[in-house]
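For reference, the structure is listed below as structure tokens.
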Amino acid sequence: MLTGIILAGGKSSRMGEDKSLINSNVTRLSKELKAAGCNRIIVMCGDESRRNLFDEECHLDTKNSLAESLYDLILSLEGSIQLATCDAYLADQDLFSKIEGVPEDDAGKRQPLLAKFDCDSNLVQSVKITEMFANIPSCSGGIKARNTNTPEELKEIQSLLG
């Protein structure tokens, strides 16, 4: 079983708008994950006030940090996990089908929030995402593994989308 987890838990102060709602990206990612073989899609939506923003199965954050909440959710699942962050506007079925580990984007930066791994992998319990995935090997992701954190980065991504 392959479970897709879309991380869409909060608004972005740097972006100035809710990244999960730009381009209906959560819905788009859900379709891409299903096309890549995910049998179940879960959206980590943050708190109760965000649950109604998404049509997919939602899971509320259970802890103070994303890493701790994600770790709790992973412990409740079986099989393999494919993560997708709501600001990965170029991520698609092709990328998800090729990921085995933590992808590196086109700048060589590890993107753990796009990782694919088995539930029984050696994840590190931590409050930091980078530490949590320290034992998961890197793989190639390229430009499709980029995330977007500023309006300037979004403009660049939108130009690539056409």
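Couple of notes before you dig in:
- Taking amide hydrogens as placed 1.01 Å from N in the peptide plane, the amide H of ILE5 sits under 5 Å from those of ILE42, GLN82, LEU83, ALA84, each at least 5 positions away in sequence or on another chain.
- Close amide H partners of SER138, meaning residues 5 or more places away or on another chain with modelled amide H under 5 Å apart, are VAL102.
- Its Cα centre serving as origin, the range 2-161 has a Cβ charge dipole (Lys and Arg +1, Asp and Glu -1) of approximately 200 debye.
- Length-normalised contact order of the range 110-162 in % [C-alpha pairs under 8 Å, at least 6 apart]: 28 percent
- Percent antiparallel among DSSP beta bridges (both partners in the chain, rounded to 5): 20 percent
- Size estimate for the chain follows the Kirkwood approach: the inverse of mean 1/r over distinct Cα pairs works out to 15.6 Å.
- Dividing the summed helix terms, -39500 (n - 2.57) for each DSSP H run of n ≥ 4, by the number of residues in the chain produces a 222 nm estimate of -7000 deg cm²/dmol to the nearest 500.
- Protection proxy ranking, peptides 79-91, 141-153, average beta carbon neighbours within 10 Å, highest first: 79-91, 141-153
No lab work stands behind these numbers, since they all come straight from the coordinates. Note that the coordinates shown come from a computational prediction; the quantities given were computed from them, not determined experimentally. We place every Cβ from the backbone using ideal geometry, glycine too, and count neighbours over all the protein chains shown.
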